[in-house]
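Okay, structure first, notes after.
The values are calculated or read from the model by the stated rules, or taken from the named source; none is laboratory data. Remember, predicted model here, so these are calculated numbers, not experimental data. Note: ideal-geometry Cβ built from the backbone for every residue, glycine included; neighbour counts use all protein chains shown.
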Amino acid sequence: MSSTPILRATEVSKSFENHRALDRISLEIPRQSIFGLLGPNGAGKTTFIRIVNQILAPDQGRIEINGEPLRQEHVHCIGYLPEERGLYKKMKVGEQAVYLARLKGLSHREAVERLRRWFERFDIMPWWNKKVEELSKGMAQKVQFITTVLHEPDLLILDEPFSGFDPINTELIKTEILKLRDRGATIIFSTHNMESVEEICDRIALINQGRKILEGPVDQIKKQYADHSYILTLGGKTFDPADIPGQDFQVLEHRNENGTAVVRIKLTGNAGINDLVRALLPHYTLKGLQEYVPRMRDIFIRTVNAQTALQS
Amino acid sequence: MNKILLIIQREYLTRVKKKSFLILTFLTPLFFAAMMILPAWLAMHNIENDENILVIDRSGLFTGKLTDSDKLHFSVQDISLDKAKEDFYKSGYTGILYIPHAPEKENPVFYFKKQPSVVSIQKLEHTLENILREQKLRKALGVSQQQIQNIKADIHIRTVKRDESGGEKAKHNEVSMSLGMFLSMAVYFFIFMYGVQVMRGVIEEKTNRIVEIIVSSVKPFQLMLGKIIGIALVGLTQLTLWIVLTLIFAGIGQSFLSSRLAQGPDTRQLMTQMMQNPSDSTAVAALAGGNAKLSQTLEIIGSVLSLPWAKILFGFVFFFLFGYLLYAALFAAIGSAVDTQEDTQQFIFPVTLPLILSIVMMQFFIMNPDGQLAVWMSIFPLTSPIVMMLRIPFGVPWWQIILAAVLLVATFLFLTWLAGKIYRTGILMYGKKASYKELWKWLRY
């Protein structure tokens with residue numbers, strides 16, 4: 001596997017009339033990974049994705065696919081599932097899927113063959129000759145997903161792929177995405193759904209107000225945001241912060257429930273976790289102990305708020 | 001390029017396979033054919049019925065003056081009205097015409113069994129009026145019957161075009177007029193019907209949200225062009241089918257009718273000669289041999305045959321196609337700028353204003369097809385598809401046609417480029433109510 005990133009964006013900027021949608025964004029997306037493109041609404045994710053899909057042209061900056069500058073032929077190695085997606089309502093499902101596949105450069109025969117396999121796998125074969133308007137939303141989403149991946153693109157760009165799916169179908173799509181990655185595809189995954197980010201993304205980039213504010217492998221980012229605090233579940237009596245020696249520990253949050261207290265405590269001085277336990281044991285019964293790992297959701301909110309505050 | 005073909009194919013097939021397309025394609029020629037056959041059918045099944053009329057003339061003015069025509073048969077009897085009415089249903093008369101003592105003061109009355117046609121009544125009135133007028137002339141002025149015959153006048157002006165080389169062609173403006181009107185109306189309807197289809201298609205893709213999927217495979221401009229061309233082919237298919245089917249239906253109807261009509265061999269012979277030499281007006285006169293009505297008919301046929309068919313054919317195909325293409329691009333831009341069909345009005349009106357204006361002015365232009373305004377509007381690219389088609393049957397110099405054609409193509413290219421820019425931005429804009437200011441911004445993205 002070559003080490004050239006499948007997608008490299010260098011200093012990409014794009015402005016609309018009176019607002020800067022992208023401000024010198026640089027990204028590298030390594031091959032065969034699942035890359036989470038995160039950011040609040042209006043951060044510029046969709047603009048970036050549209051530039052990669054050559055729907056928009058950047059004002060400045062360069063996009064390279066496999067080390068080559070982006071050009072028209074690259075649409076054949078990209079699969080794009082937009083957030084706002086639909087199908088021709090009056091067209092038959094199969095016919096339409098074949099049409100979309102042929103626009104991506106597949107021959108008619110190839111398109112039909114591959115579609116049959118996918119339709120079987122997704123249990124929608126009986127719908128081949130039905131009109132799209134007869135499909136349920138979930139089924140239409142399946143068809144859209146199939147047409148996105150049918151031409152076996154090296155780079156898949158999925159914008160909120162799980163919206164509108166029930167948990168069963170979400171699982172199905174998730175499994176397919178992981179399978180595609182294992183077979184060599186790279187997936188750019190744009191979402192607000194932070195749980196799915198934690199589950200499947202290898203790397204992420206966080207964009208806010210057109211700027212990249214965070215990038216890296218998910219586990220590293222989490223480590224970076226870990227603050228050496230622990231979550232303890234304590235019984236025996238109602239929690240009282242005064243029981244904790246203040247110079248070494250800092251109580252971040254605590255709450256009492258049915259005679260049990262859940263407390264998050266940060267180690268501030270040189271003391272270790274054993275010292276904390278030792279300090280607590282005379283007062284409480286220790287029921288649980290666990291290192292605190294920040295959730296992507298919290299990291300997202302913290303960084304976005306910090307940057308927005310900085311800007312204004 | 002391949003992708004444009006795919007788009008054209010989809011746009012074409014989805015429309016041609018629709019039920020509404022099939023119905024419209026087959027019903028319209030039936031309608032046209034009926035329009036063509038109906039006059040002939042009416043002429044055969046004459047709308048007037050034979051009337052066998054009993055005349056009771058109290059005035060004495062008409063006795064001996066009423067002559068039978070081919071549909072009206074008179075028999076004047078000196079009986080009382082009451083008696084005639086009493087025996088009416090026993091008699092073979094279809095009507096009783098009662099003329100009172102002073103028919104101008106007291107209206108004559110017509111009693112009937114079966115509703116007589118309006119034409120019969122009009123003829124009846126006309127006959128009575130003529131007789132009365134002649135009698136007055138004779139009594140008051142002493143004009144003789146012979147003199148009355150002599151002062152009857154019937155003038156029909158033959159219009160003959162004499163060109164520089166001295167050739168003469170009989171011309172019937174009515175023929176050019178109706179053809180011009182037909183052609184320009186056809187262009188107008190085609191542009192509107194199919195232009196709106198382009199717009200609808202764009203709106204459909206936009207509201208379906210499939211457009212973003214497609215423009216990630218093809219350029220927006222390719223999608224727009226593919227749609228416009230695909231729909232143009234639908235239109236051409238429909239037009240061709242209409243013409244072919246109308247001819248077939250009309251042919252079937254005609255042969256059905258003519259099997260019942262005996263056609264004189266000499267008329268047929270005349271026609272053949274006409275076909276061979278349509279433009280020679282002296283030959284026409286000779287052929288007709290003094291029969292004024294026949295020579296008029298022959299001249300109409302002659303002027304149909306001597307129309308500038310090459311120009312008409314070229315002009316029709318060209319202005320038809322490029323007029324559509326130009327406006328279709330604008331319609332596509334409109335479709336891309338709005339979210340729903342309802343929002344289109346504010347843009348459709350200004351865009352189609354030149355078309356509507358051309359149609360409104362048509363009745364003036366047809367009176368004077370070489371007037372200054374008509375000439376300029378037939379060269380101006382936004383109105384030329386319609387106004388030029390109106391003028392061509394009257395004869396338009398080649399330089400004007402070519403100037404108009406060049407301008408039309410240039411404008412088409414420019415506007416399509418412009419529309420493409422609006423389209424490209426518009427199809428991805430949702431929920432934003434587009435204003436002209438907004439569109440101007442899109443042009444510069």
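Remarks
- Lone qualifier among B:GLU204, B:GLU164 - being of a type outside the set (Ser, Thr, Tyr), under 26 Å from A:ARG102 (Cα atoms), surrounded by fewer than 22 Cβ atoms within 10 Å (Cβ to Cβ) and free of Cβ contacts under 8 Å to residues at least 40 places away in the same chain: B:GLU204
- Filter result for A:ILE173 (within 24 Å of A:ARG31 (Cα to Cα), within 16 Å of the chain's Cα centre (by Cα) and touching a residue at least 40 places away in the same chain (Cβ under 8 Å)): no
- The condition of being more than 14 Å from chain A (Cβ to nearest Cβ), loosely packed, with under 15 Cβ neighbours inside 10 Å and aromatic (Phe, Trp, Tyr) holds for only one of B:TRP398, B:TRP440, that being B:TRP398.
- Test: residue in segment A:167-178 that is closer than 30 Å to A:SER312 by Cβ, away from chain B (no Cβ under 14 Å) and not polar (S, T, N, Q): no
- Strands (runs of 3 or more DSSP E) contained in segment A:1-63 and holding at least 2 residues under 26 Å from B:ILE214 (Cβ atoms), away from chain B (no Cβ under 11 Å) and over 18 Å from the mean Cα position of the chain (by Cα): A:7-16, A:19-29
- A:VAL149 being within 12 Å of chain B (Cβ to nearest Cβ), of a type in the set (A, V, I, L, M, F, W, C) and either surrounded by 22 or more Cβ atoms within 10 Å (Cβ to Cβ) or touching a strand residue (DSSP E or B) at 6+ places or on another chain (Cβ under 8 Å) (or both): no
- Within segment A:89-116, the set of residues being closer than 22 Å to A:GLN54 by Cβ and either surrounded by fewer than 19 Cβ atoms within 10 Å (Cβ to Cβ) or touching a residue at least 40 places away in the same chain (Cβ under 8 Å) (or both) comprises A:LEU100, A:ALA101, A:LYS104, A:GLY105, A:LEU106.
- Residues of segment A:64-81 that are within 9 Å of chain B (Cβ to nearest Cβ) and at pLDDT 90 or above: A:ILE78, A:GLY79, A:TYR80, A:LEU81.
- Look at (1) of a type in the set (D, E, K, R); (2) in the same structural domain as A:ALA21 (by TED's automatic domain parsing); (3) at pLDDT 85 or above and you find that A:LYS287 fails only one, number (2).
- Among the residues making up segment A:173-203, those that are assigned to a helix (DSSP H, G or I) and acidic (Asp, Glu) are A:GLU176, A:ASP182, A:GLU195, A:GLU198, A:GLU199.
- Selected residue [more than 21 Å from the chain's Cα centre (by Cα) and surrounded by fewer than 18 Cβ atoms within 10 Å (Cβ to Cβ)] from B:LEU326, B:LEU373, B:LEU382, B:LEU330: B:LEU373
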